[in-house]
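The values are calculated or read from the model by the stated rules, or taken from the named source; none is laboratory data. None of these values were measured; they are calculated from a predicted model. Don't worry about glycine lacking a Cβ; one is built from the backbone with ideal geometry, like all the others, and counts go over all protein chains shown. The accessibility values were calculated without ligands, DNA or RNA, using every heavy atom of the protein model including side chains. Shrake-Rupley method; radii C 1.70, N 1.55, O 1.52, S 1.80 Å.
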Amino acid sequence: MIHIILKNSDIDKAIHKSVSALEDGGVIAYPTETFYGLGVKFDKHNSLKRLYALKKRPGEKAMPLIIGGIDMLQQIALDDWLRHMPAQAKALMERFWPGPLTLLIPAKKELSEYLTAGTGKVAVRVPGDSFALHLAQRAGFPFTATSANISGMPPADNADSVIKYFRDGIDLLIDGGKTSGGLPSTIVDVSDDKLRIVRKGAANVNIL
C-alpha cells in the first residue's frame with residue numbers, strides 16, 4: 001500500500017496518483033468531508049467485486065458513487081430519465097450539490113449490479129468541499145464512495161483506522177488527517193416524478 005500524507009505532499013500529486021490508481025483498477029482510501037471513503041472506478045467489475053469482499057458487504061447493499069458535477073450523470077444515468085429529469089430532482093441538485101445529498105436515479109442497463117443491487121437504480125452525489133470533491137472533479141468519471149470500514153463497523157475518521165481495517169488490502173491511502181465525522185448524507189429517490197426521502201441526514205430536504 002502506498003501512503004500519501006496530504007500535509008507533506010502536493011495535492012495535485014495526490015490527485016494524480018489517485019486517478020492513476022483508479023484507472024488501473026486499484027482500491028483507494030481517501031478523505032471526504034465527513035469520513036474516509038473507499039474508491040474504485042465505476043466500470044471496473046473486478047475492482048467492485050474486490051471491494052465488496054474487502055468490506056464483507058452484503059450483496060443486497062449497493063455501492064454509492066460520487067461525481068464531480070451534474071454533467072457526469074450522463075455516464076451512469078438512464079438516457080431517457082436524463083432527457084425528462086423531474087424538475088424537483090434538478091432543483092435538489094442545484095441547491096445541495098456539492099453537499100450531503102445522495103440521489104437515487106435510474107441506472108444505465110450496463111452498470112454493474114454491485115452498484116445497483118439489481119434495483120435498476122444507482123446512488124450518487126457530488127461531495128462537499130474536500131479532497132473527495134477535488135478528486136471527483138479531476139477524475140472526470142464516477143467512483144465509489146462507500147465508507148472505509150468493515151460492514152457493520154464504525155466508519156473510519158482517520159488514516160490509522162483505515163489501516164487497521166484493511167492493511168494491505170487497499171492500494172493507495174490518501175491521509176488527510178482526522179475528518180469531521182457528522183451525519184450521513186440525506187438520500188432521496190428521484191427515479192420518477194414522486195420523490196421520496198429514503199434516509200434523513202445532513203441535508204434538510206423538503207419534498208413537496
Response to the item:
Exception for Lys109 within (1) modelled with pLDDT of 95 or more; (2) surrounded by 16 or more Cβ atoms within 10 Å (Cβ to Cβ) falls at (2)
Worksheet item: Of the conditions (1) buried (at least 18 other Cβ atoms within 10 Å of the Cβ); (2) within 19 Å of Pro142 (Cβ to Cβ); (3) in contact with a Lys or Arg (Cβ under 8 Å, 6 or more places away or on another chain), Ser18 fails just one. Which one is it?
Response: (3)
Worksheet item: Would you pick out the residues in the range 35-53 that are under 12 Å from the mean Cα position of the chain (by Cα) and open to solvent by 10 Å² or more (accessible area, probe 1.4 Å)?
Response: Phe35, Lys41, Phe42
Worksheet item: Is one or more of the residues making up the range 166-180 of a type in the set (Phe, Trp, Tyr) and either at pLDDT below 95 or surrounded by fewer than 22 Cβ atoms within 10 Å (Cβ to Cβ) (or both)?
Response: yes
Discussion item. Show me the strands (runs of 3 or more DSSP E) entirely contained within the range 1-59 in which 2 or more residues are within 25 Å of Pro100 (Cβ to Cβ).
Written reply: 28-31, 36-39
Worksheet item: Counting just the residues of the range 31-68 that are in contact (Cβ under 8 Å) with a residue 40 or more places away in the chain and of a type in the set (S, T, N, Q), which one comes out farthest from Leu172 (Cα to Cα)?
Response: Thr34
